[in-house]
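Colleague: Below is the structure I would like to discuss, written out as structure tokens.
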Amino acid sequence: SGTVSAQQAGTAFADVAEGIVHTVHGLVTDQFAGQYGRIKGQETAVVAMGRLGSREMTASSDLDLILLYDFDADNPDSDGERSLQGAHYFARFTQRLISAFTTRTNYGVLYDIDMRLRPSGRAGPLASHIDSFAQYQENEAWTWEHMALTRARVISASPGFRVRIEGVIRDALVRPRDATAISHDVADMRRAIAQEKGEDDPWDLKNAAGGITDIDFIAQYLQLVHAAARPQILDVDTLKVIDNAEQLGL
């Protein structure tokens, strides 16, 4: 309708999605506990990635999500009649959460859910313990995974668990990196996308050479290379990152 800019629309779509995620997360948590009980000290968090993380959604965007959890390791069994243990509990919980979004109703589905940005991608478990997530980011994650992490945003969690996760994400982003190695990795990733999706159509504003993907990659490169010395550059929003970089003389 032309009543708002694309940037304002992206923020509005993301706000709607974030509210729905928070609501569904709470409903599924209570419903699941009604069947399987709760584990002592349990925490779950939904982390937004991709366009939801950066608040740049469109009307047709899916949701890139990661689910993280924690619990008392000395008491790993849930207290319900149908008890589940530790990682198995949270894997089942995550399946239930995905199902809540993707079950087709008379009105369609809420959102398509993409969890490929979780540690180890499709090969990894649906839900990750926060300590495993931290170790993965420190020791195993590829450059492209840290590029994606620049957009990570906790959108549903208890305040304390949110702070812990944000600390893990920040630690991963502010560690010193070799600029030459990162530039090669980013360029290789960009070439791979160009080969898969093409870059010659000038009307494909996302994938065209010099288009949105290139601008995103520049912003992500700048953050990974400079955040160790200048953490003020960090932001989930691409345009804000570029503004930050300009103000910092980068």
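Colleague: Could you list all residues from region 100-124 that are small (G, A, S) and open to solvent by less than 70 Å² (accessible area, probe 1.4 Å)? Explain how you work it out, then say what you get.
Modeller: In the first step, residues of region 100-124 are kept if they are small (G, A, S); the result is 100, 108, 120-121, 123-124.
Passing the criteria: A100, G108, S120, G121, G124.
Colleague: Moving on. Collect the residues in region 1-24 that are open to solvent by less than 70 Å² (accessible area, probe 1.4 Å) and part of a helix (DSSP H, G or I), keeping them in residue-number order. Give the steps one after another, and end with the answer.
Modeller: Of the residues in region 1-24, the ones open to solvent by less than 70 Å² (accessible area, probe 1.4 Å) are 5, 9-12, 14, 17-21, 24.
Scanning region 1-24 gives A9, G10, T11, A12, A14, A17, E18, G19, I20, V21, V24.
Colleague: Among the residues of region 135-159, which ones are open to solvent by 30 Å² or more (accessible area, probe 1.4 Å) and among the small types (G, A, S)?
Modeller: The answer is S158, and nothing else.
Colleague: Kindly evaluate R51 against the criterion of being under 30 Å from A6 (Cβ atoms), open to solvent by 20 Å² or more (accessible area, probe 1.4 Å), over 19 Å from the mean Cα position of the chain (by Cα) and among the basic types (K, R). Give the derivation first.
Modeller: Numbers: under 30 Å from A6 (Cβ atoms): yes; open to solvent by 20 Å² or more (accessible area, probe 1.4 Å): yes; over 19 Å from the mean Cα position of the chain (by Cα): no; among the basic types (K, R): yes.
Criteria not met by R51.
Colleague: List pairs: first in region 104-115 and in contact (Cβ under 8 Å) with a residue 12 or more places away in the chain, second part of a strand (DSSP E or B) and open to solvent by 40 Å² or more (accessible area, probe 1.4 Å), Cβ under 7 Å, 6+ apart or cross-chain?
Modeller: Final answer for the pair search is none.
Colleague: Right, another one. Might you check whether a residue that is among the hydroxyl-bearing types (S, T, Y), at pLDDT below 95 and in a strand (DSSP E or B) occurs anywhere in region 66-73? Step through it out loud before you land on a result.
Modeller: Kept after step one, since they are among the hydroxyl-bearing types (S, T, Y), are these residues of region 66-73: 69.
With at pLDDT below 95 added as a condition, the list becomes none.
Looking through region 66-73, none of the residues is among the hydroxyl-bearing types (S, T, Y), at pLDDT below 95 and in a strand (DSSP E or B).
Colleague: Also, quick follow-up: Select, from R164, R230, the only residue that is over 30 Å from F71 (Cα atoms) and basic (K, R). Don't jump to the end; show me each part of the working.
Modeller: Numbers: R164 fails: over 30 Å from F71 (Cα atoms).
Being over 30 Å from F71 (Cα atoms) and basic (K, R) holds for just one of R164, R230, which is R230.
Colleague: Could you give every pair whose Cβ atoms fall below 7 Å, whose first residue belongs to region 77-90 and is of a type in the set (S, T, Y), and whose second residue is assigned to a strand (DSSP E or B), counting only separations of at least 6 or pairs across chains?
Modeller: S83/D77
Colleague: Also: Select, from T94, T44, the only residue that is among the hydroxyl-bearing types (S, T, Y), assigned to a strand (DSSP E or B) and surrounded by 19 or more Cβ atoms within 10 Å (Cβ to Cβ). Spell out how you get there, then give the answer.
Modeller: Values: T94 fails: assigned to a strand (DSSP E or B).
After applying the criteria, what remains is T44.
Colleague: For region 160-250, please list each of the helices (runs of 4 or more DSSP H) lying entirely inside it that holds at least 1 residues being open to solvent by 80 Å² or more (accessible area, probe 1.4 Å), of a type in the set (D, E, K, R) and without any contact (Cβ under 8 Å) to a residue 60 or more places away in the chain.
Modeller: Where helices (runs of 4 or more DSSP H) fall fully within region 160-250 and carry at least 1 residues being open to solvent by 80 Å² or more (accessible area, probe 1.4 Å), of a type in the set (D, E, K, R) and without any contact (Cβ under 8 Å) to a residue 60 or more places away in the chain, they are 179-197, 238-247.
Colleague: For region 201-208, state whether one or more residues are modelled with pLDDT of 95 or more and in contact with a Phe, Trp or Tyr (Cβ under 9 Å, 6 or more places away or on another chain).
Modeller: no
Colleague: Take the conditions farther than 21 Å from R118 by Cα and assigned to a helix (DSSP H, G or I) and apply them to A59. Does it pass? Write out each step before concluding.
Modeller: Details: farther than 21 Å from R118 by Cα: yes; assigned to a helix (DSSP H, G or I): no.
Considered against the rule, which asks whether it is farther than 21 Å from R118 by Cα and assigned to a helix (DSSP H, G or I), A59 comes out as no.
Colleague: Test of understanding: among L27, L63, which residue is in contact (Cβ under 8 Å) with a residue 12 or more places away in the chain, open to solvent by less than 70 Å² (accessible area, probe 1.4 Å) and hydrophobic (A, V, I, L, M, F, W, C)?
Modeller: Details: L27 fails: open to solvent by less than 70 Å² (accessible area, probe 1.4 Å).
Matching residue, one of L27, L63: L63.
Every residue, every condition in (1) among the hydrophobic types (A, V, I, L, M, F, W, C); (2) at pLDDT 95 or above; (3) over 15 Å from the mean Cα position of the chain (by Cα), yes or no:
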position: T105; (1), (2), (3): no, no, yes
position: I113; (1), (2), (3): yes, yes, no
position: S128; (1), (2), (3): no, yes, no
position: Q135; (1), (2), (3): no, yes, yes
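Colleague: Another question, if that's okay. Which one is farthest from E166 (Cα to Cα) among residues in region 31-41 that are open to solvent by 60 Å² or more (accessible area, probe 1.4 Å) and outside any helix (DSSP H, G or I)? Reasoning before the result, please.
Modeller: As a first pass, look at region 31-41 and keep what is open to solvent by 60 Å² or more (accessible area, probe 1.4 Å): 31, 34-35, 38, 40.
Within this subset, residues satisfying the condition of being outside any helix (DSSP H, G or I) are 38, 40.
Values: R38: 24, K40: 23 Å.
Once the filter is applied, the top-ranked residue is R38.
The values are calculated or read from the model by the stated rules, or taken from the named source; none is laboratory data. Just so it is clear, the structure is predicted and the values come from calculations on it, not from any experiment. Positions of Cβ are generated from backbone atoms using ideal geometry, with glycine treated the same way; all protein chains shown enter the neighbour counts. For accessibility, only protein heavy atoms count, side chains too; no ligands or nucleic acids. Shrake-Rupley method; radii C 1.70, N 1.55, O 1.52, S 1.80 Å.
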